[in-house]
Structures are given as structure tokens and as C-alpha cells.
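*Asks:* Structure provided below as C-alpha cells; questions to follow.
The values are calculated or read from the model by the stated rules, or taken from the named source; none is laboratory data. Bear in mind the structure is a predicted one, so any value in this text is a computation, not a measurement. Note: ideal-geometry Cβ built from the backbone for every residue, glycine included; neighbour counts use all protein chains shown.
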Amino acid sequence: MALHDRARLLPLAVLAATALVYATGLGNGFVWIDHSEIAGATKVVTSWSELWRTFVTADNGAGYHRPVYDLIHTLDRALWGLDPLGFHLSSLALHVVNTGLFMAVLRRAGHGAGLAALGGMLFGLHPLHSAVAGLVHAKADLFGLCCGLLTVLCAQRLAAAGGARRGATFAFGVAAATLGMLTKELVFLLPVGIAAGSIAPSRRTLRPFATALLLAAAAVGALHVAATASIERVQSPLGLTERLATFQAVYLDGLSLLTWPARLTLADTVTRFAARPPWERVAISAGFVACVWAQFAAARRWPSLRVWIVTYNAALLPVAQLVPTLHFRADRYFYVSGLAVAGAVTEAVRLAGRAQLAGERARRLAAAVAVLVALAYGARILARLPKFHDDVTLFTHELAGTPDYLEGLSHLGRARERGGDLRGAERCYRACLAPDPARVSYVDRDAVVVNLTQNLLVQGRSTEALALAEAADAHLRSAAHRAELRYNRAVAAYNLGHDADAVPLLAEYRALHPDDPVCAFLLGMAAARCGQRDVARAALRAYLDSGHPDPARRAAAAAAWDRL
């Protein structure tokens, strides 16, 4: 077979290797927030009215609005039910497709088949992406990038058309970008980038396309703003200045992981910049400045690297995480940045070849090195993917490397709770509430307090649950979590016979959740026992009419109703 023919097979070999390596994770289950989003159906559309609400409202603490992401989960659940295999299969397919699209982008940019395969290998087989491929709820990254790459391919085709009308390509590119922006906020950077590129005289044929993309971005952006207007956003414990300083270490850490992915972790915990020793602060700042200077120098010396340098840096500052999560550090945040690094390396190899810096022997050595890197990457992925099998396996492993990974502790607690280990879950929750002040993690402490009080109630320790709820009530920042905590406080008071204390709390919760039958039952019984007949009759009637399938509670409610 001719060398030219073998080179054409290289991209297919990259796709096959990517599929085979990541296919080893198809036997994994749901982990982390997969349980709530898929099994709990919080990100699954179940009716036409809910479909409308998905597009016009958002319900989370991070400011996200990703309606197409919900539709992807809805399609997966319609196809696979609650079988994790199908969800992981669609994630694998999207990652393989993204690898193929990236190689197509490189080919259209003038790279040969061998260089395109090199870029595809560096992206598709990078161990850092095992988190995105292994977590079902990372599909926003997978599908968002897929849409972005399709848009870039359309832009490349339109630019090459030289003014010829390509209505289908134009419409498809705008549609892909719109879907991407409705899936992941990072895709908003794409219209801006294409518009900036269209300013050059050689790219003037892209100006109508860029204008359409900007109009689509403005429309989707307005929808995002309206949908997230009422969200209680999570606030950072750090001021902006310290966030920027702390982000320097995260930036350097990301570069090290993309060049030498030995220490992979989901943990987002970082050390405050001000809490580091002086010499370490100086070293981090000097390293950060050196990296920035090197990128400016490279962009000035080799203009073809600029697109990858800009993409890398822009991908680290997505719209939804600029504030307050500027210092987030976790593998799953480097998916697009990994693509930019692969593109930059590929372009650097092409530039070296043009400069005739490599003879035939050097090219063969480079090919051998590429094969060794691919084998090392594949082995690293094969070692890591089994850790995503279940929550206990995943978070036990993560906490072994980062013991103060508070979000990991929280989710390990939930996993142990689901397995019936209430005491083990309690230990995890309490550890979450006693963090190191020098370290920062975006664990939802309000949710942990709610989960701990619920855990104590299930254990029958109502006195402790009541004391904890009373102490924490004034400190919770989230109104939604405060309502849940006050409900747990009411249940504890009810269990202890403090009916007069329980009634106003239960009435408050029922006003927010009028269709909750258990709350109606507790309110009715507590009100009946402390002589509030009207409140008791209304609540018990609502409970009996709800058809709640609990024979013991229905019998108790009916007996209380008769006494009234």
C-alpha cells in the first residue's frame, strides 16, 4: 500500500482507537448528578407544557440555561429508559464524532491527513477527556462542541466558496450555532470569533454569515437573561481580586494537565492565593506572566497559531463561570481547551515541516513518538474509566487524592445514604461542614445542612436534627434550601411532640408546595393535636383527597378527621 494511501487511513485509525478505548466505560452506571437529572428526571422533559417551560425558565444556582441539554437527556431516556449503557453510548458517539469533526476542520484548514490524524489523536485520546466521556451529565460539553465544530466547518466552506451562494450551508451553520448556544454557554464565543475573523479583507465573504450568527447570539442571549432572571445565584467566598490571583494557579495547573495528564481529578478545590507561602505566590505569578508572554510572542511570530491561542484562553473563561467560579479547576472544564492545545501542536508540527527542520529520519522518529503517546494516553484512559462505575468507587478514589474535596464528600454521603449506610453518610456531611479556610470548594453547604438534618431524621435522632436546623436557619443563603431546612425542622418538632412549633413551619412549607401530601398530613395532625380545628380540617381534607398510597397515614388522617 502506498504511503499516501496509508496516510488516508490514519484518521480512520484514530476514530477506531478512540471508540475502542472509551468503549470500556460503557458498563459504568449513573454517577454524581446523573441520579437527579436522569433517574430523578429533573432534566427530562415529560410533557409539551414542560417543554415550553424548559426554554423560558431555569432552575439552578449556577445561572445555567441549557434547554437543548434537557432535550438530549429526554431523547436518551426515550430510547434507553434508565439503562446507563445507552446514555454512555451516546456520550461515546458524540466524543468520536467531535474527534472526526476536528480532523475535518484541520483538513479544510490545509493540513494533510497525517497532521489531521495527529491532532485527532491528541484530542480524542487525551486522558483529561475521560471525565467528559465518563459523566453522562457532561453531554452539554460534548454536544455543544459538536455544534461549534459543525458551525466552523460551515464557515470554512462558505469562505472557500468565494461569494457563491450556499444557502443550505449558511442555514445549517446558523442552526448548529443556535443549538450549541442553547446547550452550552461557551458556544457564545463562536459567533464573536467568526465575526472577528470576518473583519479581514480575505474573509469578507463570511460577513453575512457572521452577522447572522451575531443576531442569533443576541436572540439566544436575551432568552438566557430572561430565563435566569429569578435565579438565586451562588456567590463566591472570594472577592474578585483574590479570584483573579487564585486563578493564576488554576491556569498553570490546566496547562500542566494538558501537557502531562498524570494527576487527573474531578476535584474543584483550590488553595486561596493569599493562603499560600510568599515564595509560592511569587513563583505562581512569575509562571503565569511567563506563560502569557510566551503566548504573545508565539502569536506574533507565527500568526497561524493565534486562533488556537485565543480559543484556549477563551475556553477557560466561559460566560457562566467567569463570575463567581473563576478559580474552578477540574478535568471536565478543559474539553475545549484540550482541542485548542491539540490544534496548536498540530500547527507547530506543520510549521516545523515547512521550515524543513525535520528530515525523513526525524519524521519517522516523530511518528514513533506519536504512537507511544497514543499508547500511553490509551492506557491512562483504560485505568481511569472504571473509576466512574458508581458513586462510591468514584468519590472514594477522588477523596483519596484530595481529602478536602468537599463536593466529593457531599456526593459520597448521598451515595452511602442510598446504600443504607446512614452513619457513613452523616460522617461525610459533617466533614463537609468543617472545611479548611485556606481551601475553597464550591460545595453547596446549604444543601449539605439540609441533607444532614434529613439524615438525622431518618436515623430517628429528631432532637439533634431540630437543634441543627434551628442553629443553621439564619445562616442559609438560598431561599429554596431554607424552605427545605424549615420543613425538616418542622418534622423534627412534630416527631418530638412540639406541635405548636411545627404548625407554622408546616403551613409555610405547604404554601410553597400545596401538592405535597405528606406535608398536608403532618400539618393536619399537628394542628388537630394543638386545637387548631380549621387548619387541621383543611389540611386533612387535602391529604385524604390526594389519594396518597400510605394505608397507615390514611387511617390516622381519617380517624383525626372523625374526631374533628
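*Asks:* Tell me, which residue of the stretch 25-74 that is among the charged types (D, E, K, R), within 20 Å of residue 132 (Cβ to Cβ) and not in a helix (DSSP H, G or I) is nearest to the chain's Cα centre (by Cα)? Outline the logic, then answer.
*Replies:* Of the stretch 25-74, the ones among the charged types (D, E, K, R) are 34, 37, 43, 50, 53, 59, 66, 70.
Still in the list and also within 20 Å of residue 132 (Cβ to Cβ): 34, 37, 43, 66, 70.
Remaining after also requiring not in a helix (DSSP H, G or I): 43, 66.
Values: 43: 13, 66: 11 Å.
Among those residues, the one meeting the criterion is 66.
*Asks:* Consider only pairs whose beta carbons are under 7 Å apart and that are at least six residues apart or on different chains; among these, list those whose first residue lies in the stretch 347-360 and is at pLDDT below 70 and whose second residue is of a type in the set (S, T, N, Q).
*Replies:* Nothing qualifies.
*Asks:* Within the stretch 95-113, which residues are more than 26 Å from residue 132 (Cα to Cα) and small (Gly, Ala, Ser)? Break it down stepwise before answering.
*Replies:* Of the residues in the stretch 95-113, the ones more than 26 Å from residue 132 (Cα to Cα) are 108-113.
Within the stretch 95-113, 109, 110, 112, 113 meet the criteria.
*Asks:* If you don't mind, there's one more thing I want to ask. Would you confirm whether any residue within the stretch 432-442 is closer than 25 Å to residue 508 by Cβ and out of contact with any Ser or Thr (no Cβ under 7 Å at 6 or more places or on another chain)?
*Replies:* Of all residues in the stretch 432-442, those closer than 25 Å to residue 508 by Cβ come to 433.
Within this subset, residues satisfying the condition of being out of contact with any Ser or Thr (no Cβ under 7 Å at 6 or more places or on another chain) are 433.
The answer is yes, given that some residue of the stretch 432-442 is closer than 25 Å to residue 508 by Cβ and out of contact with any Ser or Thr (no Cβ under 7 Å at 6 or more places or on another chain).
*Asks:* Quick one: would you say residue 531 is loosely packed, with under 15 Cβ neighbours inside 10 Å and closer than 27 Å to residue 421 by Cβ?
*Replies:* On the way: loosely packed, with under 15 Cβ neighbours inside 10 Å: yes; closer than 27 Å to residue 421 by Cβ: no.
Judged against the criteria, residue 531 is not a match.
*Asks:* Can I ask one more? Here are 407, 398, 426: which of them is touching an Asp or Glu at 6+ places or on another chain (Cβ under 7 Å) and not hydroxyl-bearing (Ser, Thr, Tyr)? Talk me through it step by step, then tell me what you get.
*Replies:* On the way: 398 fails: touching an Asp or Glu at 6+ places or on another chain (Cβ under 7 Å); 426 fails: touching an Asp or Glu at 6+ places or on another chain (Cβ under 7 Å).
Testing whether each residue is touching an Asp or Glu at 6+ places or on another chain (Cβ under 7 Å) and not hydroxyl-bearing (Ser, Thr, Tyr) leaves just 407.
*Asks:* Something else: Among 39, 16, 109, which is the only one that is assigned by TED's automatic domain parsing to the domain that holds residue 131, within 30 Å of residue 477 (Cα to Cα) and either free of Cβ contacts under 8 Å to residues at least 24 places away in the same chain or not aromatic (Phe, Trp, Tyr) (or both)?
*Replies:* None of the other options fit; the residue is 39.
*Asks:* Does residue 480 satisfy the criteria of being under 25 Å from the mean Cα position of the chain (by Cα) and modelled with pLDDT of 90 or more?
*Replies:* On the way: under 25 Å from the mean Cα position of the chain (by Cα): yes; modelled with pLDDT of 90 or more: no.
Here the answer is no, as residue 480 does not meet what is asked.
*Asks:* Pick out the one residue from 51, 71, 15 that is over 19 Å from residue 184 (Cβ atoms) and at pLDDT 85 or above.
*Replies:* Details: 51 fails: at pLDDT 85 or above; 71 fails: over 19 Å from residue 184 (Cβ atoms).
15 is the lone residue from the list that is over 19 Å from residue 184 (Cβ atoms) and at pLDDT 85 or above.
*Asks:* Another question about this same structure. Would you be able to tell me the number of residues in the stretch 504-532 that are closer than 17 Å to residue 556 by Cβ and assigned to a helix (DSSP H, G or I)?
*Replies:* 14
*Asks:* Follow-up. Quick one: residue 220 ticks every box in (1) surrounded by 14 or more Cβ atoms within 10 Å (Cβ to Cβ); (2) in a loop (DSSP other than H, G, I, E, B) except a single one, so which number is it?
*Replies:* The one condition residue 220 does not meet is (2).
*Asks:* Hey, does the stretch 415-431 have a residue that's at pLDDT below 90, of a type in the set (Gly, Ala, Ser) and within 23 Å of the chain's Cα centre (by Cα)?
*Replies:* no
*Asks:* Restricting to the stretch 223-248, and then to whatever is crowded, with 18+ Cβ neighbours inside 10 Å and more than 30 Å from residue 283 (Cα to Cα), can you tell me which residue is modelled with the highest pLDDT? Give the steps one after another, and end with the answer.
*Replies:* Initially, the stretch 223-248 is screened for residues crowded, with 18+ Cβ neighbours inside 10 Å, giving 224, 227-228, 238, 242-243, 245-248.
This time we only want the ones that are more than 30 Å from residue 283 (Cα to Cα), so: 224, 227-228.
On the way: 224: 89, 227: 86, 228: 83.
Across the stretch 223-248, the extreme among qualifying residues is 224.
*Asks:* So, one more: Of a type in the set (Phe, Trp, Tyr), surrounded by fewer than 23 Cβ atoms within 10 Å (Cβ to Cβ) and in a helix (DSSP H, G or I), is that true of residue 170?
*Replies:* Details: of a type in the set (Phe, Trp, Tyr): yes; surrounded by fewer than 23 Cβ atoms within 10 Å (Cβ to Cβ): yes; in a helix (DSSP H, G or I): yes.
Yes: the conditions hold for residue 170.
*Asks:* On the given criteria, is residue 114 within 23 Å of residue 26 (Cα to Cα), at pLDDT below 95 and either in contact with a helix residue (DSSP H, G or I) (Cβ under 8 Å, 6 or more places away or on another chain) or part of a helix (DSSP H, G or I) (or both)? Write out each step before concluding.
*Replies:* Numbers: within 23 Å of residue 26 (Cα to Cα): no; at pLDDT below 95: yes; either in contact with a helix residue (DSSP H, G or I) (Cβ under 8 Å, 6 or more places away or on another chain) or part of a helix (DSSP H, G or I) (or both): yes.
No; evaluated as a whole, the condition is false for this residue.
*Asks:* Starting from the stretch 250-275, take each residue that is on the phi > 0 side of the Ramachandran plot and list its partners that are at pLDDT below 85 and surrounded by 19 or more Cβ atoms within 10 Å (Cβ to Cβ), counting only C-beta distances under 8 angstrom and pairs at least six apart or across chains.
*Replies:* That search, which allows pairs on different chains as well, returns nothing.
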